[in-house]
Amino acid sequence: MIKSKLPEVSTTIFTIMSKLAAENNAINLAQGFPDFDADPKLINQLNYYASNHFNQYAPMFGVEKLRELLAEKYNTLYSCNYDFQDEINITSGASQAIFNVISTLIHPNDEVIIFEPAYDLYQPTVELFGGKIVPIELKYPDYKIDFNELNQKITSKTKLIIVNNPNNPTGRVLTEDDLKSFEKIITNNDCYLLADEVYEHITFDNKKHKSFTQLTTIKDKVFVVGSFGKLFHITGWKIGYILAEKELMIEFRKCHQFNTFSTHTPSQHAIADYLENPENYLYLNDFFQHKRDLFINNLSSTKFNILPCEGTYFLNANYSAISNLSDNEFATLLTKEYKVATIPVSAFYKNKIDNHVIRFCFAKKDETLLKAIEYLNKL
C-alpha cells in the first residue's frame, strides 16, 4: 500500500465540474479554457515547423529566438533587463514553472505564504516538498491584500510568498502602491517572491498590468512566471516561461532539467514567429473586455450579484438572492438542472470558506455566453 505524500488531495474541482458538465450536456463555464480557435497564422506556423524536421529536443533553456523576443518584450513593456541566455527559460506550461520554483526553494518545514482564494496548484506542491502553507484570506467582497497582516505572518521560517496578478479567481489587479508594498516587505525579509502573471495581458477598463519585473531592486529575490497558453488561446500546447535573476535561474534549471528537460520544439518556433508582431498580444485586453462586458450586461437580467472583474477571463457572482445552498451544491444544481457549469469559489480556500460565490469563465464564443445566459435566466 502506497503511503500518500498528499493524503488530503483528491481530484481537482476543475476536473470534477468539467466531467459533470460533459455528463449533463451543460455549457462548460467552469474550466478556464477558450472554446474558440487560435489564430490560423499560429496554427500554420506550427504545421510548418512540425513538417520541416523541427521535431527533436529543443535546448533545455528553450528556443533561442523565443527567449530573445521575450527579453525584448519585457524590456519594452516594463523597462527591465533580463538576459535571454541566463535569465529566461521556456517551460512546459506555467504550472510546471511554478512547480519547479517551489521544488527549487522549499525544504521540509519551510513556510510559504499564499493569498486565498488561491489557484489550487500552490498548496499541494508546497506540501509535496515538506513545506507548510500559511494562508492569508482576501476578504470578500473586495479581496484586497492586507499588508499589515502579511507583515505579521512573516517569520524566520518564511521562505516564499506566492502572489497571482491579475488574480484568479477574484479578478482583482494589483496597483503600483501594492507592488511598492511588496518591494518593501521583500527587501526587509529573508524570503523570495513568486509572481504568477499568466493573465498579464488581460486587464480591463484601462487598468495597466504592473509586473513584478519592474521591481529591479529585488530582482535577486523574484521569480516571474508567464503563459503562452493564456496569451494565444493555446492552453493545450502547455507552453510557459519563467524570468529570474541569473543565480536564481541556475538553481531553477537544476530542477527543471530533471523534470521535463525541454519543451515541445515546433510549438516554440511557431510562437517565436507569432511573437514578432506585438499586436498579437497588445490588444488582447480589448478582445476579452468585449466578452466580459457582453457577459456582465446580459447577466444583469438575473438575480446574481456580480463582483468586480479588473482582469483575467473569470467573473465571480454571489447567488445569495437565488439560493441558500452551499456553493458546491449550487454549482452542482446549476450544472445538472440549468445546464451551466461553474466553479464554487470555496474550492480555492484551504478551509473551504463559502461566501456563496461561484466563478464563471467568459473565454468563450459570444454565442456560447449568450446561450449560457439564456439558461441562467430560467433560475
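Quick notes on this structure:
- Top-ranked residue in the stretch 227-275 [being in a helix (DSSP H, G or I) and of a type in the set (S, T, N, Q); ranked as nearest to the chain's Cα centre (by Cα)]: Thr235
- Unique match (being within 16 Å of the chain's Cα centre (by Cα) and of a type outside the set (Ser, Thr, Tyr)) among Phe115, Phe147, Phe129: Phe115
- Test: residue in the stretch 173-185 that is over 20 Å from Leu105 (Cα atoms), touching a residue at least 12 places away in the same chain (Cβ under 8 Å) and of a type in the set (Gly, Ala, Ser): yes
- Just one of (1) buried (at least 17 other Cβ atoms within 10 Å of the Cβ); (2) touching an Asp or Glu at 6+ places or on another chain (Cβ under 8 Å); (3) part of a loop (DSSP other than H, G, I, E, B) fails for Lys207. It is (1).
- From the options Asn100, Asn81, residue that is buried (at least 20 other Cβ atoms within 10 Å of the Cβ) and closer than 30 Å to Ala272 by Cα: Asn100
- Out of Lys208, Lys180, sole residue that is of a type outside the set (Phe, Trp, Tyr) and at pLDDT below 95: Lys208
- Residues being under 22 Å from Thr263 (Cβ atoms) and aliphatic (A, V, I, L, M) - total across the stretch 196-221: 1
- Scanning the stretch 300-347 for residues that are of a type in the set (Val, Ile, Thr) and either farther than 19 Å from Pro141 by Cα or not in a strand (DSSP E or B) (or both) gives Thr302, Thr312, Ile322, Thr332, Thr335, Val340, Thr342, Val345.
- Index of the failed condition, Ile242 passing every other in (1) out of contact with any Leu (no Cβ under 9 Å at 6 or more places or on another chain); (2) crowded, with 23+ Cβ neighbours inside 10 Å; (3) farther than 15 Å from Gln268 by Cα; (4) not basic (Lys, Arg): (3)
- Test: residue in the stretch 49-68 that is under 25 Å from the mean Cα position of the chain (by Cα), at pLDDT 95 or above and polar (S, T, N, Q): no
- You will find that of Lys352, Lys339, the residue that is more than 22 Å from the chain's Cα centre (by Cα) and at positive phi is Lys339 and no other.
- The residues of the stretch 23-37 that are buried (at least 18 other Cβ atoms within 10 Å of the Cβ) and either modelled with pLDDT of 95 or more or among the charged types (D, E, K, R) (or both), listed by number, are Ala26, Ile27, Asn28, Leu29, Ala30, Pro34.
- When restricted to residues that are surrounded by fewer than 20 Cβ atoms within 10 Å (Cβ to Cβ), in contact with a helix residue (DSSP H, G or I) (Cβ under 6 Å, 6 or more places away or on another chain) and either among the basic types (Lys, Arg) or within 14 Å of Gly32 (Cα to Cα) (or both), the stretch 327-377 contains 2.
- Cβ separations smaller than 7 Å between residues 6+ apart or across chains give the following pairs from the stretch 70-89 residues that are in contact (Cβ under 8 Å) with a residue 60 or more places away in the chain and more than 12 Å from Ile242 (Cα to Cα) to residues that are among the aromatic types (Phe, Trp, Tyr) and in a helix (DSSP H, G or I): Cys80/Tyr74.
- Matching residues in the stretch 6-62 - criterion: being touching a residue at least 40 places away in the same chain (Cβ under 8 Å), part of a helix (DSSP H, G or I) and either acidic (Asp, Glu) or within 30 Å of Ile250 (Cβ to Cβ) (or both): Tyr49
The values are calculated or read from the model by the stated rules, or taken from the named source; none is laboratory data. Just so it is clear, the model here is predicted, and its values are computed rather than measured. Using ideal geometry, Cβ is built from the backbone for each residue, glycine included, and neighbour counts are taken over all protein chains shown.
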